[in-house]
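S.K.: I'd like to ask you about the structure that follows.
None of the figures in this text is laboratory data; all of them are computed from the coordinates on show. Owing to the predicted nature of the structure, the values given are computational and were not obtained by experimental measurement. Here Cβ is always computed from backbone atoms with ideal geometry, including for glycine, and neighbour counts include all displayed protein chains.
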There are 2 protein chains.
Amino acid sequence: MPRAPNPDEIGCEEALIGEFWAPLAAAFPGALGLDDDAALIAPPEGRELVVTTDAIIAGVHFLPDEEPGAVGWKALAVNVSDLIGKGADPLAYVMSVALPSTPDRSWLRSFADGLAAAQKEFACSLAGGDTDRTPGPLTVSITAIGTVPAGRMVLRSTARPGDRIYVTGTIGDAFLGLALRRDPGLGARCKLDDAAGSYLAQQFRRPRPPMGVIAALRTCASASMDISDGLVKDFERLCRVSGTGGHIAAARVPLSPAGSTVVANGGATLADLMTGGEDYQVLATVPEARAGEFETLSTAAGVKVAHVGSIESLATGVTIRDAVGNAMAFTRSGWDHFRDTSVS
Amino acid sequence: MPRAPNPDEIGCEEALIGEFWAPLAAAFPGALGLDDDAALIAPPEGRELVVTTDAIIAGVHFLPDEEPGAVGWKALAVNVSDLIGKGADPLAYVMSVALPSTPDRSWLRSFADGLAAAQKEFACSLAGGDTDRTPGPLTVSITAIGTVPAGRMVLRSTARPGDRIYVTGTIGDAFLGLALRRDPGLGARCKLDDAAGSYLAQQFRRPRPPMGVIAALRTCASASMDISDGLVKDFERLCRVSGTGGHIAAARVPLSPAGSTVVANGGATLADLMTGGEDYQVLATVPEARAGEFETLSTAAGVKVAHVGSIESLATGVTIRDAVGNAMAFTRSGWDHFRDTSVS
């Protein structure tokens, strides 16, 4: 069936690659200008590659009406977050995009601009990709590739009893940013000013995982991972694979001024913030002897780190403790990509 | 809303990983048992990595009622095809799966078995992944990683006038396999016996890109790529990025006995087969002086190769020639992932 001509329509996959994707790959020689079937990645001498993949889906990981620049940013940021959690320097990424309809140039321009801004923030380039149409929702699947000096990837499984537990940044802001989008009256009820509301919204829309902590993690951390599914859940995972117990003191969990305001005004509980997910911060364990250096290196690189608890023996269990030291109970520990099906 | 309990239901992402994905990663140490956020990939000394990504979507790249084992197989095969086209030995892959509903164990078992069979055929392992639910169709996005000796990736852009053009296997079988699924009467009208019909169906459902040609490509080819979007379109692409012309003699394009039978009985034209896509064979250019060695190495590794044409100067243009040497005209050159939206 003939369609009406649309001056903004992109006629074929190759036109789309040339106009929107190739500029994102221009700085990475191994991308071969996106003119080949695959990228060539030659790790620098003495370095190994760290590879991670995460997809984001409209209506699941971002709101269907999200502006396309934020979608592009977030697709890359959530993957870089995993690299940072492993102490890896981002290098490149490949992207598979499934578009629900023929997009116009302005949509693609904004999406590509969001990716370009994220590439600049996270010091990596597009190396290859695949663009399809889908009868379903917009889906962006990225595989991010980073590098570490040989043998220096920071694992989840190597925390040891006695290590301090740190988190970067503040917890729960993205969860509150989403809550504000769903319930626009929440801000007024919690006495948030416009700047605080914008700050929270931005943490959900354009999360900024802490590049500055990479060197400190490689130098000092015994184990680490990103906090993307909720602090409680990710802390439980780290202890489980490390074969340890541990506790986090809820009162030490760092909140932003905006997050504190919402909690103080009854708009959310601390438990909500610790289990909401989408933080894209780092949970790290650091031996006591390296703690000072970890704090110094992180702070010097502009990353706020908070000492929130300790790794303990397996027998002590994994707990979040309230202000008087009792274990808190949670109805859910965090986001399950499989059971929790929607943000909309 | 509470749902009726389903004994086959997988309760959470981690249970799914443990039961179905982790066994696929057991042979690859860098997968870290899928217990971490990322995979560690240390290329062997002196080797570089080749990285490619392709997604397959229900109703776009495979039929919505396809059996799950074939979906798993095909998701990996289409990516390995790109590695083979670059002369790269498959090493590992990461996979992002978006599931449209809570799958039961039998679906996941079959899907994982299809992946396991493909891993065995293509000598690679799962290294990491991401599992989500989607309101849209089943989408499997794989990034495949292979290795080449440093400097030996075979590019698309390096064909030279005078080179011979080869293709592996036979062309158009997957296109006919899909045609038979859409039009079950086609087989009888074209006098195909059951074995021939099954053969064609299998080429669409479980394509088997030619692992045996990898060494011959690295040793002898000046340029190569896989043929996934149709021989005519992919040949045009190779010439364009190489800055050459060239011709393929249609009469030399290798058809299977089943494909020849369909064409002889008017069920499809040779042009249909050369533009239908989904072949997952290799198009290679080989300097005249290496042609004998290329044929010998390929044949010894069990891969049939056919000399179908020549690379020429840019000025001669890119043509497919009929039996008397005239340029053939095509209404379409191949599959466009962006313009062509459905197989169903």
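S.K.: Take every DSSP beta bridge whose two residues both sit in segment B:13-149, then give the antiparallel share in percent to the nearest 5. Present the calculation step by step, with values, prior to reporting the outcome.
M.R.: Values: 20 of 29 bridges.
The answer is about 70 percent antiparallel.
S.K.: Another question, if that's okay. Charges only on Cβ, +1 for Lys and Arg, -1 for Asp and Glu: so what's the dipole of the protein assembly as shown about the Cα centre, in debye to the nearest 20?
M.R.: Numbers: 58 positive and 80 negative charges, 59 e Å.
Dipole of the protein assembly as shown, to the nearest 20 debye: 280 debye.
S.K.: Structure shown: which of A:Lys86/B:Lys74; A:Lys86/A:Lys120; A:Lys86/B:Lys120; A:Lys233/B:Lys74 lie over 23 Å apart, alpha-carbon to alpha-carbon? It would help to have the intermediate numbers written out before the result.
M.R.: Numbers: A:Lys86/B:Lys74 31 Å; A:Lys86/A:Lys120 20 Å; A:Lys86/B:Lys120 30 Å; A:Lys233/B:Lys74 34 Å.
Exceeds cut-off: A:Lys86/B:Lys74; A:Lys86/B:Lys120; A:Lys233/B:Lys74.
S.K.: Would you work out the charge dipole size for segment A:164-321 about its Cα centre, treating the Cβ of every Lys and Arg as +1 and the Cβ of every Asp and Glu as -1, and quote it to the nearest 20 debye?
M.R.: Numbers: 16 positive and 15 negative charges, 21 e Å.
Dipole size: approximately 100 debye.
S.K.: To the nearest µm²/s, what D does Stokes-Einstein give for chain A at 4 °C and 1.567 mPa s, using the Kirkwood radius over alpha carbon pairs as Rh? Before the final figure, lay out each step's value.
M.R.: On the way: Rh = 21.0 Å.
For these conditions, the coefficient is 62 µm²/s.
S.K.: What residue among B:Pro254, B:Ser198, B:Leu283 has its Cα farthest toward the positive end of the dipole of segment B:164-321, where the charges are +1 on Lys, Arg and -1 on Asp, Glu, each on the Cβ?
M.R.: Value computed over the given set: B:Ser198.
S.K.: Using only Cα atoms, what is the ratio of the radius of gyration of segment B:164-321 to 2.2 N^0.38 Å? Walk me through the numbers on the way to the answer.
M.R.: Values: Rg = 15.7 Å, N = 158, 2.2 N^0.38 = 15.1 Å.
That ratio works out to 1.04.
S.K.: Comparing A:Ile41, A:Ile165, A:Ile320, which has the greatest mean-square fluctuation in the GNM of chain A with Cα pairs linked when under 10 Å apart?
M.R.: A:Ile41
S.K.: Moving to a separate point now. Provide the packing ranking of A:121-134, A:13-26, i.e. peptides ordered by the mean count of other C-beta atoms within 10 Å per residue, highest first.
M.R.: On the way: A:121-134: 22.6, A:13-26: 18.1.
Highest-to-lowest ranking by the protection proxy: A:121-134, A:13-26.
S.K.: Check every DSSP H run in chain A and write down those whose alpha carbon atoms cover 30 angstrom or more along the long axis and whose mean Kyte-Doolittle hydropathy is 0.0 or greater. Please list the in-between numbers first.
M.R.: On the way: long enough: none.
The answer is none, since no helix passes both cut-offs.
S.K.: Moving on. With only alpha-carbon atoms counted, please give the Rg and Dmax of segment A:155-214, in Å.
M.R.: Radius of gyration, then largest Cα-Cα span, for segment A:155-214: 15.7, 45 Å.
S.K.: May I pose another question? Among B:Ala88, B:Gly59, B:Leu34, whose Cα projects farthest towards the positive end of the dipole of segment B:13-149, with charges put on the beta-carbon of Lys, Arg (+1) and Asp, Glu (-1)?
M.R.: So the residue we want is B:Ala88.
S.K.: Compute, for segment B:13-149, the length of the dipole vector about the Cα centre, with Cβ point charges of +1 (Lys, Arg) and -1 (Asp, Glu) only. Units Debye, rounded to 20. Walk me through the intermediate numbers first.
M.R.: Numbers: 7 positive and 19 negative charges, 59 e Å.
The calculated dipole for segment B:13-149 is roughly 280 debye.
S.K.: Over segment B:186-270, what relative contact order in percent results from Cα pairs under 8 Å that are six or more residues apart?
M.R.: Details: 35 pairs, mean separation 43.4, N = 85.
The value is 51 percent.
S.K.: I'd like the mean, over residues of A:40-47, of how many other protein chain beta carbons sit within 10 Å of each residue's own Cβ. Could you put the intermediate results ahead of the total?
M.R.: Numbers: counts 11, 7, 8, 6, 0, 0, 0, 2.
Across A:40-47, the average partner-chain Cβ count within 10 Å equals 4.
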